Amino acid sequence: MEQHQRPLGRPRSEDARLAVLRAVDDMLVAEGYAAMTMKGIAERAKVGRQTVYRWWSSKAEILLEASAADAARELTVTPGVDAESDVTAFLTALRDFLTRSDAGLAYRALLGEAQHDDRVAELLRGTDVLGDAARACIAGVRARGALAGVPEAGADLLVAELVGPVLFQTLVTGRAAEPEELSGMARRFLAR
């Protein structure tokens, strides 16, 4: 009779993982990033600290996982009638993510922390929440024939040009772009 070997360590409980991700979102909204601790996250999630530390080494990792999962969903847009409507829809989703979503709040907190914590900056480079969504939008508009004159080699620059105006307006002015502003940004982005 063949024996099955059990994997080393305890299996990751999906219920515990989701409880931790919900807890970190709730704590960010209620207390802010600086006040969060791994101990507090574990207590709020009603799991042991060892459970939290087994899966994540920092609160930034937990927050990024929570933010990335929501961002992938919130920044995916259904193709519209043309490239301009696709870019406008993406920019609208980006604005809403950054200004109205708990996941966007988490991402903004991480951006701020990354300015003085190299580990958080490295985490953000490894999981490019906004860049991945922007690349998908760009691929879609390229498939429609837009941006034909822009070389593929400039993909990172295109991502920055697509995301940059909304991110700048949100972070620097603290104001969410109006629909007509987003349409203008989309037209300027496509006019290459």
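When ILE62 is tested against (1) surrounded by 15 or more Cβ atoms within 10 Å (Cβ to Cβ); (2) without any contact (Cβ under 8 Å) to a residue 12 or more places away in the chain; (3) under 24 Å from ALA16 (Cβ atoms), just one condition goes unmet, and that condition is (2).
Taken over the range 78-137, the criterion of being among the aliphatic types (A, V, I, L, M) and over 17 Å from GLU65 (Cβ atoms) is satisfied by VAL81, ALA83, VAL87, ALA89, LEU91, ALA93, LEU94, LEU98, ALA134, ALA136.
Yes/no per residue for (1) at pLDDT below 95; (2) in a helix (DSSP H, G or I); (3) not assigned by TED's automatic domain parsing to the domain that holds GLY112:
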| residue | (1), (2), (3) |
| --- | --- |
| GLU2 | yes, no, yes |
| ASP25 | yes, yes, yes |
| LEU28 | yes, yes, yes |
| GLN50 | yes, yes, yes |
| LEU63 | yes, yes, no |
| ALA66 | yes, yes, no |
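Got at least one residue in the range 95-103 being surrounded by 16 or more Cβ atoms within 10 Å (Cβ to Cβ) and among the aromatic types (Phe, Trp, Tyr)? Within the range 95-103, one or more residues are surrounded by 16 or more Cβ atoms within 10 Å (Cβ to Cβ) and among the aromatic types (Phe, Trp, Tyr). Whenever a residue of the range 149-164 is touching a residue at least 40 places away in the same chain (Cβ under 8 Å), its partners that are assigned to a helix (DSSP H, G or I) and aromatic (Phe, Trp, Tyr), lying with C-beta atoms within less than 7 angstrom and at least six residues away or across chains, give the pairs LEU162/PHE189.
Yes/no matrix, rows are residues, columns are (1) of a type in the set (D, E, K, R); (2) without any contact (Cβ under 8 Å) to a residue 40 or more places away in the chain:
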| residue | (1), (2) |
| --- | --- |
| GLU14 | yes, yes |
| ASP25 | yes, no |
| ALA45 | no, yes |
| SER57 | no, yes |
| THR76 | no, no |
| GLY80 | no, yes |
| THR88 | no, no |
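For GLY184, state whether it is part of a helix (DSSP H, G or I), at pLDDT 95 or above and surrounded by fewer than 17 Cβ atoms within 10 Å (Cβ to Cβ). Taking the combined requirement at face value, the residue satisfies it. The set of residues in the range 68-123 being of a type in the set (D, E, K, R) and either at positive phi or within 14 Å of the chain's Cα centre (by Cα) (or both) consists of ASP70, ARG73, GLU74, ARG95, ASP96, ARG100, ASP102, ARG108.
The values are calculated or read from the model by the stated rules, or taken from the named source; none is laboratory data. Note that the structure is predicted; figures quoted are calculated from it, not measured. Note that each Cβ is placed from the backbone with ideal geometry, even for glycine, and that neighbours are counted across all protein chains shown.
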